[in-house]
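Following: one structure in structure tokens, then a few remarks.
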Amino acid sequence: MNKNFLEHQLNFNRRRFLSQLSMGVGGVALGSLLMPDLFSGKNVAEANLSPGIPDFAPKAKRVIYMFQNGAPSQLESFDYKPKLTEMFGQELPASIRGEQRLTGMTANQSTFPLVGSFAGFKQYGQSGAWISDLFPYTSKIVDDICIVRSMHTEAINHDPALTFFQTGAQQGNRPSMGAWLSYGLGSENKNLPAFTVLLSRGVGNGQGVYSKLWTNGFLESIHQGVQFSSGENPVLYLKDPDGMNREDRRKMLDNLAAMNQLSYDKFGDPEITSKIQQYEMAYRMQTAVPEIMDLSSEPDNVIKMYGPDCLVPGTYAANCLMARKLSESGVRFVQLYHQGWDQHGNLPYEITKQAKDVDQASAALVSDLKQRGLLDETLVIWGGEFGRTNFSQGTLTPDNYGRDHHPRCFSIWMAGGGIKPGIVYGETDELGYNVIKDPVHVHDFQATVLNQLGLDHEKLVYKHLGRRFRLTDVSGKVVKDIIS
């Protein structure tokens, strides 16, 4: 047999072994489906669906990642720099800029005039964290979140930077973070996928969001993210065709599984079992998804908390509420993408509306999880792919400016899941251009996320094409100072 195929099968059987071991000797079957026969490959419909074994006791069970696609400016949100306001229009000192590369959009500028935030800042919470006036709702939960001001990355353009955050590599075709968690831990709910994706778009300039961001890469396809849409059918091709009832669907799937099982017995291809699992998952989701999408049982106080837009399918607020429902139902990794943060020009106008789009619902999600007793076991993340420059892109006027991409420093926040609440971690220089204390690289962030779910990022590996791959590639360290 092909060597790469044998490596693939070995990885597949290892995860099945750990999944079955976690059920205990003689563990009962999940639902009405049989557990896989580990050594013969019989009854493989439940492979990789049962919970896996973490490397150590996890602090979180699930993740909700509210990705702000396009890169929100840290200087108008969570990194207060009054010195920039004092130095309005002055040239960025060469000693501060150093050798930092620029994008093609500003590389040919003859000047780099500094500009502070048009929005005011105030201090909140026990930590005295500075929060922009553009985020009044987030300011109310400041004692529940950890603001990391010292993030940095290597990518300077949107697609590679976004791909880097999600997959650990700037190129495509690697498993995404949600796929790695599905592979490492399996699913908590056999009626729903372990990894789901929700998309929304704000009023600003949007950047592309592609399915490669929730791909399974070289992992079995059962680990890929399932996108939920805002249309009549939230998951495409889930609904039975006209003239087919549940009984007919069940018979069809049983016959199809039997044929696929014969193929698996003959060829041993793990993707055959993945197809069986996907058909079975789709069948169970036909009942589970409509229940999840139904907001009629949500009380008025919850609707008020998220804001009226939460009743409008496809909005950011609706996706935040949906994320809570999915996470509450046992979905391991819920990924939100909100587009519109790419403010190269007219930033004051655009970021004001964009922040209003997300502020209330983001804070509501944290508060909602907390009041339900779910925040401790749910890791919530808010942030983009890089930061924005402290100088103006294009023409600077007293009331208008833009900011270019800046990978050297930016801010995110995290909450729940064993992360210390009410703290600010890391520091940038007085002009907001370089990290000067406690830097956090993208791989450090990824290692910390995996750690909170009980996974050692150096042990969560998959051998492919003769190399051992992992989410954090060959680097990354857990940021222990932000862990409670």
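The values are calculated or read from the model by the stated rules, or taken from the named source; none is laboratory data. All of these numbers come straight from a predicted model, not from anything done at the bench. Heads up, the Cβs are rebuilt from the backbone with ideal geometry, glycines too, and the neighbour counts pull from every protein chain shown. Heads up: the accessible areas ignore ligands, DNA and RNA and are worked out on the full protein's heavy atoms, side chains in. Shrake-Rupley method; radii C 1.70, N 1.55, O 1.52, S 1.80 Å.
Annotations
Residues checked against (1) in contact with a strand residue (DSSP E or B) (Cβ under 6 Å, 6 or more places away or on another chain); (2) more than 25 Å from Gly384 (Cα to Cα); (3) modelled with pLDDT under 75; (4) among the basic types (Lys, Arg):
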| site | (1), (2), (3), (4) |
| --- | --- |
| Asp242 | no, yes, yes, no |
| Gln261 | no, yes, no, no |
| Ile276 | no, yes, yes, no |
| Tyr279 | no, yes, yes, no |
| Tyr283 | no, yes, yes, no |
| Tyr337 | yes, no, no, no |
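- Close Cβ contacts (under 6 Å, 6 or more residues apart or on different chains) running from residues in the stretch 456-476 that are in contact (Cβ under 8 Å) with a residue 24 or more places away in the chain and of a type outside the set (S, T, N, Q) to residues that are open to solvent by 70 Å² or more (accessible area, probe 1.4 Å) and in a loop (DSSP other than H, G, I, E, B) comprise Asp456/Asp55; Lys459/Asp55.
- Contacts under 9 angstrom Cβ, first residue in the stretch 127-143 being on the phi < 0 side of the Ramachandran plot, partner of a type in the set (D, E, K, R) and not in a helix (DSSP H, G or I), 6 or more apart: Trp130/Asp79; Trp130/Lys122; Ile131/Lys122; Ser132/Lys122; Asp133/Lys122; Ser139/Lys122; Ser139/Asp133
- Near pairs, Cβ below 6 angstrom, 6+ apart or cross-chain, from the stretch 379-397 (on the phi < 0 side of the Ramachandran plot) to any residue that is acidic (Asp, Glu) and part of a loop (DSSP other than H, G, I, E, B): Thr389/Asp404; Gln393/Asp404
- Tally, over the stretch 411-435, of residues that are in a loop (DSSP other than H, G, I, E, B) and surrounded by fewer than 24 Cβ atoms within 10 Å (Cβ to Cβ): 9
- Among the residues making up the stretch 97-140, those that are within 27 Å of the chain's Cα centre (by Cα), over 19 Å from Lys353 (Cα atoms) and of a type in the set (S, T, N, Q) are Thr103, Ser127.
- Of all the criteria given as (1) part of a strand (DSSP E or B); (2) touching an Asp or Glu at 6+ places or on another chain (Cβ under 9 Å); (3) closer than 22 Å to His158 by Cβ, the one not satisfied by Met66 is (2).
- Here Glu154 passes the criteria (1) surrounded by fewer than 20 Cβ atoms within 10 Å (Cβ to Cβ); (2) over 25 Å from Ile482 (Cβ atoms); (3) in contact with a His (Cβ under 9 Å, 6 or more places away or on another chain) except the one numbered (2).
- Residues (farther than 22 Å from Ala155 by Cβ, outside any loop (DSSP other than H, G, I, E, B) and open to solvent by less than 20 Å² (accessible area, probe 1.4 Å)) located in the stretch 436-484: Gln452, Tyr462, Ile482
- Condition check for Ser95 on (1) in a helix (DSSP H, G or I); (2) modelled with pLDDT of 95 or more: one failure, at (2).
- The stretch 69-92, subset part of a helix (DSSP H, G or I) and touching a residue at least 40 places away in the same chain (Cβ under 8 Å), residue surrounded by the fewest Cβ atoms within 10 Å (Cβ to Cβ): Lys83
- When the stretch 355-374 is filtered for residues that are charged (D, E, K, R) and farther than 18 Å from Asn301 by Cβ, the ones remaining, listed by number, are Lys356, Asp357, Asp359.
- Filter result for Asp342 (in contact (Cβ under 8 Å) with a residue 24 or more places away in the chain and more than 19 Å from Arg324 (Cβ to Cβ)): yes
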